[in-house]
Amino acid sequence: MPTRPQASLSIATTGGAYAGGDGYAVILACVGKNADGVPRVFTGITALLEQHDYSQGADLAAHLLAKTRSPVIFVPMPIVTAGALRMQRSTGTGTSIVTYSASTYGYLEEVDATLTVTTGGTIGAGSGPIFTLSLDGGRTTKTVRLGTASTYTIPHVGIVLNFGAGTMVAGDTLTFRFTAPKWDNAGLTAARTALAAQQKASRSWNVVGDLANSTEAGYVTTITNAYETTNKRFVYARTNVRDGGAPSMLAKSSGVKRWVKITAAETLTFAEVGATDDTITRSVGSFVDDGLAVGDVVTVAGTTLNNVTGRIKTLTATVLTFDATDLVAEVTAAGVGSIVASNGLIFAEVGGTGDTITRNAGSFVTEGFAAGDIVTITGTASNNVTTDALASVSATVLTLASTDLAAEEIGSHNVTITKVLSKAADVSLADIAFASVDAQKRIDLGYGRARVLSPITLWEFRRPASWHVAVREYQHALHVASWQNDLGPLDGVDLEDTNKQIVEYDERVDGGALAARFTCLTTSDNGPNGTYVAMALTRATDGDVLAYTHNMAVTNKFCSIVQAETTRMIGKTPVLNADGTATESELKLLEARINQALTEGLLSPGSEGQNASSATWVASRADDLRGTGKTLHGSGPLGLRGTITNVDTAVVVT
């Protein structure tokens, strides 16, 4: 049975690097608006935002458009895992409770935010409060005058702050973190299909969204390998693995302080009814409206007899019933007393090991904790922990490995539980998690992040190493290694905090990511100061010439040229020798056409020199082409340029 005639090729290597074909930078990213999967070319960020609104992928596109002045192909994938609130904590004496809602297209960005009240005020009245807001860990701040509004929509990132009735007091702070949304395997597969259905050449696919494990990396290698085997096109994907983050972004649990709004005319009645179930009854107002819930721990102050802390057993608008806290009969004067609440934490001593911390609301999993994490605990009366491992983690329960806890109930706003993770340990975890992604030349996994100013939001977000490498890569010819030091430091990319201390992963300082075959960033031993690409690596095996990404780029270009030109041979009718082989003159004509294309694409000197040392295609002289369904074989010797990886100098002192 006849099948569609086609040309095919395979790659054989004899040395050590990685590369991608000529063509567009392709961005695969999930979006909230118009996630139709259609690849579109954009030459400016305004048109992209009109089509798909903001996303992390749009931010990468803005960097590429601004710094390379070349168009990008953007493939919008559906959001499958929504962005979400990860952690929040409040301090201060204001009574307004801040809640969060998503804008039209959902929560769209990973943020490390702090709101600080600079001028107090009443929500919805007068000039209202004034606060500063930072979404990038305090690196940049913006002033917001709330006026008479009770909501504030943070531009671009999809987060709406809702300010409950009450006051905000100068010095009050609110910290919160959000995760970014994520695609799934179906979205990636559909993106590959859509890219195959158009005719634009790709140099690399930039997959936006950190990979959590080797399973997700497998999704990426599946689509890039299928692009070669099924679609006869040649590309590599660049993406980043999830890292533990700078200290400010490690898993952390805390709580939001909620103040009961006791008005000037309000009284509180404390009733002692027995060993349990003592109550507080308010004359006006609503505990529910003030944000209290069953399981919260409340602290009462300012009374004569009942300054206590206890856990809420049941709750109505006007009656708060304690679990076991013992009250004394008392009625306060109007407007006297204060009640502060937050989600409750119960520390339980259950034996020599396996003691637990239980919460009544929120999720330790959402906050980023996992079994095996090392944590510190501060702010308790009896259970501060320097370091201990978590034996197990569920949404509401942390089980400690060895620390002996004391029985204690406390409001979460007083307590901070923080994951402790060294960079070396995190690299080791990533190495283990992605060790199975081996002998895969069509994926480049980045590790670590660096700060860079967003051209859209103007926040200095932590962006994956893969983003910065992609920008450098597209500023230069295929054969130029992104880690060529004399290209200078990466523009505007920073591994330091505001005190000029290196806090992000630096291969020079920390080491280990390159040994684990991750693309990463570094600083220089002796300057110039700045952030550089340490190396850009595929997951090809050690010693393979396609382990360097720039070599893979040149190889893909070679494959694309040969694939295109040999496809044009299909249907030709060469003159044959008596044994059925094509005549020498016929074969030379076929070779000449391909070799001319290889010369133009790889050997002609561009502004940064030729892309390869040599590139030829040679037809087989032994193929019998008589009859039907015959195949002409060929070989394509590609000589890559050399790459100086180390320089060893012997200093002779006389």
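The values are calculated or read from the model by the stated rules, or taken from the named source; none is laboratory data. Here the structure is a predicted model, which means the values were calculated and not measured. With ideal geometry, Cβ positions are generated from the backbone for all residues, glycine too; neighbour counts draw on all protein chains shown.
What the table shows:
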item: Only listed residue being touching a His at 6+ places or on another chain (Cβ under 7 Å) and exposed (fewer than 14 other Cβ atoms within 10 Å of the Cβ), chosen from Glu608, Glu600, Glu584; result: Glu608
item: Matching residues in segment 538-577 - criterion: being modelled with pLDDT of 95 or more and aromatic (Phe, Trp, Tyr); result: Tyr548
item: Wholly enclosed strands (runs of 3 or more DSSP E) of segment 116-235 bearing at least 3 residues in contact (Cβ under 8 Å) with a residue 60 or more places away in the chain and in contact with a Ser or Thr (Cβ under 9 Å, 6 or more places away or on another chain); result: 159-163, 173-178, 202-207
item: Index of the failed condition, Ala212 passing every other in (1) crowded, with 23+ Cβ neighbours inside 10 Å; (2) modelled with pLDDT under 95; result: (1)
item: When residues of segment 409-439 are limited to those that are out of contact with any Asp or Glu (no Cβ under 9 Å at 6 or more places or on another chain) and of a type in the set (D, E, K, R), the one farthest from Leu521 (Cα to Cα); result: Asp438
item: Extreme residue, farthest from Phe347 (Cα to Cα), among residues of segment 308-324 that are outside any strand (DSSP E or B) and among the small types (Gly, Ala, Ser); result: Ala317
item: Of all residues making up segment 98-109, the number that are crowded, with 21+ Cβ neighbours inside 10 Å and touching an Asp or Glu at 6+ places or on another chain (Cβ under 9 Å); result: 2
item: Within segment 567-580, considering residues that are at negative phi and within 56 Å of the chain's Cα centre (by Cα), the one surrounded by the fewest Cβ atoms within 10 Å (Cβ to Cβ); result: Thr573
item: Members of segment 348-386 found to be more than 21 Å from Met87 (Cα to Cα) and not in a loop (DSSP other than H, G, I, E, B), listed by number; result: Ala348, Thr386
item: Residue identified as part of a strand (DSSP E or B) and not polar (S, T, N, Q) among Leu327, Leu305, Leu292, Leu345; result: Leu345
item: Arg203 over 22 Å from the mean Cα position of the chain (by Cα) and at pLDDT below 95; result: yes
item: Residue selected from segment 430-450 under the condition within 24 Å of Leu398 (Cβ to Cβ) and touching a residue at least 40 places away in the same chain (Cβ under 8 Å), by the criterion farthest from the chain's Cα centre (by Cα); result: Ala433
item: Single condition Gly580 does not satisfy, out of (1) at pLDDT below 95; (2) not in a helix (DSSP H, G or I); result: (1)
item: Residue match in segment 137-147 (condition: touching a helix residue (DSSP H, G or I) at 6+ places or on another chain (Cβ under 6 Å) and surrounded by 22 or more Cβ atoms within 10 Å (Cβ to Cβ)); result: yes
item: Test: residue in segment 225-238 that is of a type in the set (A, V, I, L, M, F, W, C), crowded, with 16+ Cβ neighbours inside 10 Å and farther than 30 Å from Ala516 by Cα; result: no
item: Residue in segment 257-274 that is of a type outside the set (Phe, Trp, Tyr) and within 35 Å of the chain's Cα centre (by Cα) present; result: yes
item: Checking Ala82 against (1) within 30 Å of Lys33 (Cβ to Cβ); (2) surrounded by fewer than 22 Cβ atoms within 10 Å (Cβ to Cβ); (3) in contact with a strand residue (DSSP E or B) (Cβ under 6 Å, 6 or more places away or on another chain), the condition it does not meet; result: (3)
item: For Gly121: the one exception among (1) of a type outside the set (Lys, Arg); (2) over 30 Å from Thr418 (Cα atoms); (3) buried (at least 21 other Cβ atoms within 10 Å of the Cβ); (4) within 31 Å of the chain's Cα centre (by Cα); result: (4)
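Every residue, every condition in (1) assigned by TED's automatic domain parsing to the domain that holds Thr380; (2) without any contact (Cβ under 8 Å) to a residue 40 or more places away in the chain; (3) surrounded by 15 or more Cβ atoms within 10 Å (Cβ to Cβ); (4) in contact with a Ser or Thr (Cβ under 8 Å, 6 or more places away or on another chain), yes or no:
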residue: Ala264; (1), (2), (3), (4): no, no, no, no
residue: Thr267; (1), (2), (3), (4): no, no, yes, yes
residue: Ala271; (1), (2), (3), (4): no, no, yes, yes
residue: Gly274; (1), (2), (3), (4): no, yes, no, no
residue: Gly295; (1), (2), (3), (4): no, no, yes, no
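Yes or no, residue by residue, for (1) over 30 Å from Gly310 (Cβ atoms); (2) surrounded by 15 or more Cβ atoms within 10 Å (Cβ to Cβ); (3) touching a residue at least 12 places away in the same chain (Cβ under 8 Å); (4) in contact with a strand residue (DSSP E or B) (Cβ under 6 Å, 6 or more places away or on another chain):
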{"position": "Glu409", "(1), (2), (3), (4)": "no, yes, yes, yes"}
{"position": "Lys419", "(1), (2), (3), (4)": "no, yes, yes, yes"}
{"position": "Pro464", "(1), (2), (3), (4)": "yes, yes, yes, yes"}
{"position": "His476", "(1), (2), (3), (4)": "yes, yes, yes, no"}
